[in-house]
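The values are calculated or read from the model by the stated rules, or taken from the named source; none is laboratory data. Treat the numbers as computed from the prediction; the structure is a model and nothing was measured. In this analysis, Cβ positions are derived from the backbone assuming ideal geometry, glycine residues included, and neighbour counts consider all displayed protein chains. Surface areas here come from the heavy atoms of the whole protein model, side chains and all, with no ligands, DNA or RNA. Shrake-Rupley method; radii C 1.70, N 1.55, O 1.52, S 1.80 Å.
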Amino acid sequence: MKLNLKIWRQKDAKSKGEMKDYPINGIEGDMSFLEMLDVLNEELINKGEEPVQFDHDCREGICGSCSLQINGEPHGPDRLVTTCQLHMRKFNDGDTIVIEPFRATAFPVIKDLVIDRSAFDRIQQVGGYVSVNTSGNTVDANATPIEKENADDSFYAATCIGCGACVAACKNASAMLFTSAKVSQFALLPQGKVEATERVQNMVRQMDLEGFGNCTNTGACEVECPKGISLENIARMNREYLSANVKG
Amino acid sequence: MGKLDSKVPSGPLADKWTKHKNEINLVNPANKRNIDVIVVGTGLAGGSAAATLAELGYNVKTFCYQDSPRRAHSIAAQGGINAAKNYQGDGDSAYRLFYDTVKGGDYRSREANVYRLAEESANIIDQCVAQGVPFAREYGGLLDNRSFGGVLVSRTFYAKGQTGQQLLLGCYAAMNRQINRGKIKPYNRHEMMDLVLVDGKARGIIARDLVSGEIERHSAHAVVLATGGYGNVFFLSTNAMGSNVMAAWRAHRRGAYFANPCFTQIHPTCIPVSGDHQSKLTLMSESLRNDGRIWVPKRKEDAENIRQGKLKPTQLKEEDRDYYLERRYPAFGNLVPRDVASRAAKERCDAGFGVNKTGEAVYLDFASAIERYGKEEALTHGMKDADNKTITKLGRQVVENKYGNLFQMYEKIVDENPYETPMMIYPAVHYTMGGLWVDYNLQTTVDGCYCIGEANFSDHGANRLGASALMQGLADGYFVLPYTIGDYLSNDIRTGEISIDSPEFDQAEEAVRERIEKLMSGSGKHSVDHYHKLLGKIMWNKCGMARNAEDLTSAIDDIAALREDFWANVKVTGVADSLNAELEKAGRVADFLELGELFAKDALHRDESCGGHFREEYQTPEGEALRDDENFKYVAAWEFKGEPKNAVLHKENLKYENIELKTRSYK
Ligand SMILES: Cc1cc2nc3c(=O)[nH]c(=O)nc-3n(C[C@H](O)[C@H](O)[C@H](O)COP(=O)(O)OP(=O)(O)OC[C@H]3O[C@@H](n4cnc5c(N)ncnc54)[C@H](O)[C@@H]3O)c2cc1C
Ligand code: SF4
Ligand code: FES
């Protein structure tokens, strides 16, 4: 395949960025999108130019490192996949592909396509945990049976990889889907219930402090989420938040 | 030799750990506040250690190269975590877990460490559940289990095919709690470049801020390395792209012995290589072998026709298929340990029965599982004479519930529907059993430098059974290191803060700067990947699934020559004081180019076959591994002496007081 790539280049957080054209040849369908970028980078290095910087690590859709806005969509045109799992067979010979970083005020660009998603970490630091000692003196794991359905729902919420696509997809750059997934995971388990009120209040407050926008129930986040995190989590978080505020 | 004191406590095996905990020195909680610990790596091992150390009251600094601890490579673990809970009532016990692990590791691990691991395993599950880790549950609300290769009980806890993710998020949550309390200071996007020794003790590290390129000094009373495995020395492996040996190798150069580097696990169920551009290999969890049957065609013509696309696997009749694992190992069948399954696949493919274009793939087939489950479901739903279509539909649902995300992943990569046509798999480099040598306290041969998780060597011997790495990482981090390190730190309650303005820090920082400069000023002929790929080829062809003296000897020379070429001709573009992924890679590959040579040297000296190390010269007439306990029942710990070829061998003789050494048979 022959492709024309339009890629966002930005020297650092302070510099202004711009789109640049990179024609590329010899791309095969069974390459992943990131392998296609590897090929481009190898070419750039051989020409003595600086390769395009992008985040990645596991390359199997689980670490949440990779990002990339591809033709206007986070993680590209395919559904339920991360950029590292997107394969070039989804594109056609001669295509022009526009590649940009995820855009959101709370996700500043570090360089080229690399963004700073540490706001997500800070949201979790204010309450995304169960306050239990790590000393190993806990009760037997089967002492508290948990309904399979709740355990499964909690698991599904917990499969969020923290990639930030939901934020990038949202016209308000809201982090509701992400935050609600975290809140839900704990709210659904007996272990997490005890601190539920404080947790949801703290996490929502931090989310606002980080500069994420408001949720206007557009649902773009769910569509673009590579892990299929459901909007139900947002509803659950809203309920938790409301009742937390009622309780004060 | 004097240095290799394993410090295994005396007394009966089952009492050693309790006795040791009772005897080692403790640090008063008020004094812990005055003690700093650096934890490099925030995977399961480092994350759990950091959280627990902070919980105990130490001041902890964590380092990882990713932008968040939550992205450490542990996140990718799919299958599950073992624990001797005996919830299933199938006769499991700490002793059995211990026994399976030692046997599975081909008797090259340390008895006392493994027993402790088995003992703590049950605790891990309790701890994780308390933290809100959503393990799979049965309808009754209790935890569900499955089984893994190499064992006959069901002791593996799991969260679909994403167990590592859920366990790591548990650690990360525990870390977050401590970050919020100010007890952990996280340094993300930071890479450890060197270990700093003061008066022979590990007292800090030199790190590079990967965003600004700044070189930083960090001091502490002790340094814990939890930096994972070095499988990426093969270029293609199931490891994350950034996985590296840098921290361990830098510590090795500063005096930490490197143990059993050649013990590398080749995992039998990975997605086969598709072409030259491939950047990594994807694992299909071994839990698939619980239900999937492995086969190749019985006749070469059929294999040939399949390779050419003239025949579909589903067209081949049952009697024309060779379920070679079931044939060769009737007792364990498809559930033989990884080293056995990998070699058997290679044997069939080498003999010409491979089923993909390159002839390097075998089938993993779910058709009979789908039928079996479908019939079961139909009956339990009161359908006495369900038709085939219904049975298939019901069966697929069961398989989807169990392995759905793995099937989806396979389909994304290969573009074939594994519910309809068997998956293709082939062995790939996966896990490294070798690593820094540690004693029973998990301390390396450098005082104050500890090593936990995949980065150390102690628990898995020559082969690792499935679902035991997660167990080891968490046992080390939550329950072992936090105790044992106290013994060492109890001598430091009056030391006070360690200064970073010492000649030792000056010297180490200078060395790091020089190295970076040297990398940036290479005359510039080839990219870093160019060298990494060449190294990977040498490793796979000459130090891979089967090894022989001739190949290993030439590998040593090849790697040394490649290393020389690398330093003369590598091209790293961009600048050092900025985010520069090429520079990061260059530093990592430079260390792989040294480790690779030591790897080959280790494999060459070990004149036996055991676990992941298969020397062609040492095999039985049936092609099974031939171990030599008389001469090689030891840990090979290498001391750095300049070039890898000059490394000096030290031996820790392994004593088996509780298990009789037997030929490993799964027949
Ligand atoms: C695909 C896959 C599936 C697996 N499935 C299973 C399974 O089902 N069951 C099982 O038991 N095991 C499994 N394993 C093995 C297991 O996941 C790993 O062995 C284990 O997670 C390693 O944990 P760790 O904490 O030692 O290291 P890692 O999780 O690899 O963490 C390494 C850490 O060190 C940091 N680091 C590395 N170098 C540096 C440096 N120089 N400076 C700063 N930081 C550094 C990294 O940033 C990271 O935080 C699997 C492995 C893979 C690849
Ligand atoms: S909710 Fe989905 S899109 Fe958002 S961070 Fe999690 S996985 Fe990514
Ligand atoms: S690189 Fe890990 S999810 Fe894409």
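Of all the listed residues (B:Q408, B:Q443), the sole one being open to solvent by 60 Å² or more (accessible area, probe 1.4 Å) and polar (S, T, N, Q) is B:Q408.
Residues checked against (1) more than 15 Å from ligand 3 (Cβ to nearest atom); (2) under 15 Å from A:G162 (Cα atoms); (3) in a loop (DSSP other than H, G, I, E, B):
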residue: A:D38; (1), (2), (3): no, no, no
residue: A:E42; (1), (2), (3): yes, no, no
residue: A:E49; (1), (2), (3): yes, no, yes
residue: A:G94; (1), (2), (3): yes, no, yes
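Looking at B:I266, B:I271, just one residue is surrounded by fewer than 24 Cβ atoms within 10 Å (Cβ to Cβ), in contact (Cβ under 8 Å) with a residue 60 or more places away in the chain, within 13 Å of ligand 1 (Cβ to nearest atom) and not charged (D, E, K, R), and that residue is B:I271.
Checked against the criterion of being away from chain A (no Cβ under 14 Å), open to solvent by less than 10 Å² (accessible area, probe 1.4 Å), farther than 18 Å from B:R146 by Cα and among the hydroxyl-bearing types (S, T, Y), region B:340-360 has at least one qualifying residue. Scanning region A:77-114 for residues that are facing chain B (nearest Cβ under 7 Å), closer than 25 Å to A:G26 by Cβ and of a type in the set (A, V, I, L, M, F, W, C) yields a single hit, A:V81. B:W567 passes every criterion in (1) more than 14 Å from every other protein chain (Cβ to nearest Cβ); (2) in contact (Cβ under 8 Å) with a residue 60 or more places away in the chain; (3) closer than 26 Å to B:E514 by Cα; (4) surrounded by fewer than 20 Cβ atoms within 10 Å (Cβ to Cβ) apart from (2). Within the option set B:R146, B:R137, being within 10 Å of another protein chain (Cβ to nearest Cβ), under 22 Å from A:T144 (Cβ atoms) and surrounded by fewer than 24 Cβ atoms within 10 Å (Cβ to Cβ) holds for one residue only, B:R137.
Of the residues that make up region A:222-231, is at least one in contact with a His (Cβ under 6 Å, 6 or more places away or on another chain) and either under 13 Å from A:V126 (Cβ atoms) or not in a helix (DSSP H, G or I) (or both)? The answer is yes; a qualifying residue exists. Candidates in region B:623-632 are the residues that are assigned to a loop (DSSP other than H, G, I, E, B) and within 23 Å of B:H267 (Cβ to Cβ); of these, the one that is most open to solvent (accessible area, probe 1.4 Å) is B:L626.
A:F212 meets each of the listed conditions (1) open to solvent by 70 Å² or more (accessible area, probe 1.4 Å); (2) touching a residue at least 60 places away in the same chain (Cβ under 8 Å); (3) touching a Cys at 6+ places or on another chain (Cβ under 9 Å) apart from (1). Scan region A:42-55 for residues that are at the interface with another protein chain (Cβ under 8 Å from one of its Cβ atoms), without any contact (Cβ under 8 Å) to a residue 60 or more places away in the chain, under 17 Å from A:R9 (Cα atoms) and open to solvent by 10 Å² or more (accessible area, probe 1.4 Å) and the total you get is 4. Those helices (runs of 4 or more DSSP H) of region B:286-394 in which 3 or more residues are charged (D, E, K, R) and over 29 Å from B:T163 (Cα atoms) occupy B:300-307. Here the condition is being without any contact (Cβ under 8 Å) to a residue 60 or more places away in the chain and within 11 Å of chain B (Cβ to nearest Cβ); of A:K182, A:K171, it holds for A:K182 alone. Taking A:D21, is it acidic (D, E), surrounded by 20 or more Cβ atoms within 10 Å (Cβ to Cβ) and either within 29 Å of B:M409 (Cα to Cα) or more than 12 Å from chain B (Cβ to nearest Cβ) (or both)? No.
Among the criteria (1) open to solvent by 10 Å² or more (accessible area, probe 1.4 Å); (2) more than 7 Å from chain B (Cβ to nearest Cβ); (3) over 18 Å from B:D529 (Cβ atoms), the one A:D30 does not fulfil is (2). Being in a strand (DSSP E or B) and either farther than 23 Å from B:R464 by Cβ or of a type in the set (D, E, K, R) (or both) is the filter here; which residues of region B:586-622 pass it? Correct list: B:R615 only.
Scan region B:471-483 and tell me whether some residue there is surrounded by fewer than 23 Cβ atoms within 10 Å (Cβ to Cβ), out of contact with any Gly (no Cβ under 8 Å at 6 or more places or on another chain) and either in contact (Cβ under 8 Å) with a residue 40 or more places away in the chain or not aromatic (F, W, Y) (or both). Yes, because at least one residue in region B:471-483 is surrounded by fewer than 23 Cβ atoms within 10 Å (Cβ to Cβ), out of contact with any Gly (no Cβ under 8 Å at 6 or more places or on another chain) and either in contact (Cβ under 8 Å) with a residue 40 or more places away in the chain or not aromatic (F, W, Y) (or both).
Within region A:69-76, is there a residue that is within 14 Å of chain B (Cβ to nearest Cβ) and under 18 Å from A:K20 (Cβ atoms)? Checked against the condition, which is being within 14 Å of chain B (Cβ to nearest Cβ) and under 18 Å from A:K20 (Cβ atoms), region A:69-76 yields no hits at all. Looking at this structure, is A:D121 free of Cβ contacts under 8 Å to residues at least 60 places away in the same chain, surrounded by fewer than 24 Cβ atoms within 10 Å (Cβ to Cβ) and within 8 Å of chain B (Cβ to nearest Cβ)? Yes; evaluated as a whole, the condition is true for this residue.
Across region B:633-667, the number of residues qualifying as open to solvent by 20 Å² or more (accessible area, probe 1.4 Å), touching a Lys or Arg at 6+ places or on another chain (Cβ under 9 Å) and assigned to a helix (DSSP H, G or I) comes to 1.
Pairs are defined by a Cβ separation below 7 Å, a sequence spacing of at least 6 or placement on different chains, a first member in region B:69-82 that is facing another protein chain (nearest Cβ under 8 Å) and within 23 Å of A:R117 (Cα to Cα), and a second member that is near ligand 1 (Cβ under 6 Å from one of its atoms) and part of a helix (DSSP H, G or I); the pairs so defined are B:I75/B:G164; B:A76/B:G164. Does B:G46 meet the test of being within 30 Å of B:T282 (Cβ to Cβ), in a loop (DSSP other than H, G, I, E, B) and either near ligand 1 (Cβ under 6 Å from one of its atoms) or touching a residue at least 60 places away in the same chain (Cβ under 8 Å) (or both)? For B:G46, the condition - within 30 Å of B:T282 (Cβ to Cβ), in a loop (DSSP other than H, G, I, E, B) and either near ligand 1 (Cβ under 6 Å from one of its atoms) or touching a residue at least 60 places away in the same chain (Cβ under 8 Å) (or both) - is not met.
Among the residues of region A:230-248, is there at least one that is under 21 Å from A:R79 (Cβ atoms), in contact (Cβ under 8 Å) with a residue 60 or more places away in the chain and touching a helix residue (DSSP H, G or I) at 6+ places or on another chain (Cβ under 9 Å)? Yes: one or more hits.
Quick check: anything in region B:371-387 surrounded by 21 or more Cβ atoms within 10 Å (Cβ to Cβ) and touching a Phe, Trp or Tyr at 6+ places or on another chain (Cβ under 9 Å)? No. In the set A:A220, A:A187, only one residue is within 19 Å of A:I161 (Cα to Cα), within 12 Å of ligand 2 (Cβ to nearest atom) and either surrounded by 22 or more Cβ atoms within 10 Å (Cβ to Cβ) or within 21 Å of the chain's Cα centre (by Cα) (or both); that residue is A:A220.
Apart from one condition, B:L197 fits all of (1) surrounded by fewer than 24 Cβ atoms within 10 Å (Cβ to Cβ); (2) more than 10 Å from chain A (Cβ to nearest Cβ); (3) within 14 Å of ligand 1 (Cβ to nearest atom); the exception is (3).
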